[in-house]
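Novice: Below is the structure I would like to discuss, written out as structure tokens.
The values are calculated or read from the model by the stated rules, or taken from the named source; none is laboratory data. Computed from a prediction, not measured in an experiment: that's the story for all the values here. Neighbour counts are summed over all protein chains in view; Cβ atoms, including those assigned to glycine, are modelled from backbone coordinates with ideal geometry. Accessible surface is based on the protein model in full, side chains and every heavy atom, while ligands, DNA and RNA are left aside. Shrake-Rupley method; radii C 1.70, N 1.55, O 1.52, S 1.80 Å.
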Amino acid sequence: MSSSASGLFQLVDSVGEMSVDSPFSNPAISFSVCSQDDLGWFQLHPLEEQAMGEAVSQKRRSDFNVGRAAARRALEKVGFPVVTPVLRGEHREPLWPVGIVGSISHSSGVGVAAVAWQQDVPAIGVDIQLIEERYTDELIARFADPDEFDWVRSDPARRTERAVKLFSAKESVFKALYPLRKVWFAFDVAHLTPSVSEDSFKASVRLPAVSSSVIELDVGISYFDGNIVTGAVLKQPLPPPAK
Ligand SMILES: CC(C)(COP(=O)(O)OP(=O)(O)OC[C@H]1O[C@@H](n2cnc3c(N)ncnc32)[C@H](O)[C@@H]1OP(=O)(O)O)[C@@H](O)C(=O)NCCC(=O)NCCS
């Protein structure tokens, strides 16, 4: 998948025979997918190998590889000129080359990554979650506020899908914001409002340690092989940190 002459990206990637829609509608964001069966071309950079660590399980090795492979492709697509390792910060956040923002997620042998130039997009988060029947009321209440909880439960036929969308969207929001200020936050600081067509959310985050005003993000949703993929984009750069 390559960028067009105008520097904009096709909003779809492919893995094996399957095409995957990007959850991002902003054409400045490069979105890539990589599966365990599609790693023949890929080798971790030695510094990525070091960042992963030696004593890791086979599953962790596989997740790390598909995530880094998707990141490598996304960086190529955005026009990053050299192969650069994507290392790990103190709290597991990916460390992108200077000038780049991005995010990584993995699920069941598939890795997804989203990357953009910081001058075009202030922050991005991406998440992939399997659609599975494990969302009890107790579990939903751990990440949904009362309004979100009512929305998830108000249509029994769509309950699981809504729960996965909401959970994944909150993970994407976290992944977008955390690397900017390294402030950890729980699910209750973000309130998500679904669009009528349920293919996106507006996210409002109240995080006084980071900003005195409400932080707003757009979260897009796509589907891939029994998974939901969400992509969060910060709408405005955060204010500079208080001195
Ligand atoms: C950090 C967290 C978001 C990772 O999500 P996950 O479902 O466990 O795993 P995923 O496969 O989707 O994503 C893993 C990737 O997230 C990225 N990641 C991990 N920690 C991160 C952080 N602090 N900030 C940004 N990205 C992070 C990494 O790239 C990681 O992959 P890697 O280790 O191979 O590099 C999750 O474990 C977590 O702690 N969530 C609680 C915080 C939260 O969501 N608060 C509510 C916000 S409304």
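Novice: Given +1 on the Cβ of Lys and Arg, -1 on the Cβ of Asp and Glu, and no further charges, what dipole in debye does segment 132-234 carry about its Cα centre, rounded to the nearest 20?
Specialist: On the way: 13 positive and 17 negative charges, 89 e Å.
Its charge dipole is roughly 420 debye.
Novice: Ok, one more. First check a/c for segment 12-126, with a ≥ b ≥ c the square roots of the eigenvalues of its C-alpha gyration tensor; if it is under 1.5, answer rounded, and if not, answer prolate when a/b is larger than b/c or oblate otherwise. The partial results should precede the final answer.
Specialist: Details: a/c = 1.71, a/b = 1.18, b/c = 1.45.
Here segment 12-126 falls in the oblate category.
Novice: Using only C-alpha positions, report the orientation-averaged shadow area of the convex hull of segment 132-234, nm², one decimal. If you can, show how the numbers build up before the last one.
Specialist: Working: hull surface 26.1 nm².
Result: a mean projected hull area of 6.5 nm².
Novice: With θ set to phi - 60° and the Karplus curve 6.51 cos²θ - 1.76 cosθ + 1.60, what are the ³J(HN,Hα) couplings of segment 168-181 in order, to the nearest whole Hz, using x for Gly and Pro?
Specialist: Residue by residue, segment 168-181 yields 4, 4, 5, 4, 4, 4, 4, 5, 5, 8, 3, x, 6, 10 Hz.
Novice: Full-extension gain between D120 and S195, please, as 0.36 nm times their residue separation minus the C-alpha to C-alpha distance. The partial results should precede the final answer.
Specialist: Details: separation 75, 0.36 × 75 = 27.00 nm, distance 2.45 nm.
Difference between extended and current length: 24.5 nm.
Novice: While we're on this one: Using +1 on the beta carbon of Lys and Arg, -1 on that of Asp and Glu, and nothing else charged, what's the dipole of segment 12-126 about the Cα centre, debye to 20? List each step's numbers first, then the result.
Specialist: Details: 9 positive and 13 negative charges, 38 e Å.
It works out to roughly 180 debye.
Novice: Can you figure out the FRET efficiency of L238 with D21, using R₀ = 35 Å and their beta-carbon distance, to the nearest 0.05?
Specialist: Working: r = 28 Å, r/R0 = 0.81.
After rounding, the FRET efficiency stands at 0.75.
Novice: Rounded to the nearest 500, what is the chain's calculated 222 nm mean residue ellipticity when only DSSP H runs of at least 4 contribute -39500 (n - 2.57) each, over all residues?
Specialist: On the way: 5 runs with 65 residues, N = 243.
-8500 deg cm²/dmol, from helical runs alone.
Novice: Specify the inter-centroid distance of segment 162-178 and segment 181-208, based on alpha-carbon positions, in whole Å.
Specialist: Result: 8 Å between the Cα centres.
Novice: Going by average Cβ neighbours within 10 Å, how do the peptides 55-64, 124-133, 209-218 rank, with the highest at the top? Before the final figure, lay out the partial values.
Specialist: Working: 55-64: 13.0, 124-133: 21.1, 209-218: 15.6.
Answer by packing, highest mean first, reads 124-133, 209-218, 55-64.
Novice: Moving to a separate point now. In whole Å, what three semi-axes, largest first, describe the equivalent ellipsoid of the chain built from its Cα gyration tensor (square root of 5 times each eigenvalue)? Spell out each step's value before the answer.
Specialist: Numbers: eigenvalues 146, 92, 65 Å².
Each semi-axis is √(5λ); the values are 27, 22, 18 Å.
Novice: Leaving ligands and nucleic acids out of the surface, order K243, K175 by accessible area at 1.4 Å, largest first.
Specialist: On the way: K243 240, K175 55 Å².
Ranked from most to least accessible, the order is K243, K175.
Novice: How high is the relative contact order of segment 132-234, in percent, with contacts defined as C-alpha pairs under 8 Å that are six or more residues apart?
Specialist: Numbers: 136 pairs, mean separation 23.9, N = 103.
Across segment 132-234, relative contact order equals 23 percent.
Novice: Suppose a student asked you for the relative contact order of the chain, using Cα pairs under 8 Å spaced at least 6 residues apart; what percent would you report?
Specialist: Values: 467 pairs, mean separation 43.9, N = 243.
Across the chain, relative contact order equals 18 percent.
Novice: Related question: Rounded to the nearest 20 debye, what is the charge dipole size of the chain about its Cα centre when +1 sits on each Lys and Arg Cβ and -1 on each Asp and Glu Cβ?
Specialist: Computed about the Cα centre, the dipole is about 740 debye.
Novice: May I ask which residue of A203, V152, S14 lies farthest towards the positive end of the charge dipole of the chain, with charges of +1 (Lys, Arg) and -1 (Asp, Glu) on Cβ and the Cα centre as origin?
Specialist: A203
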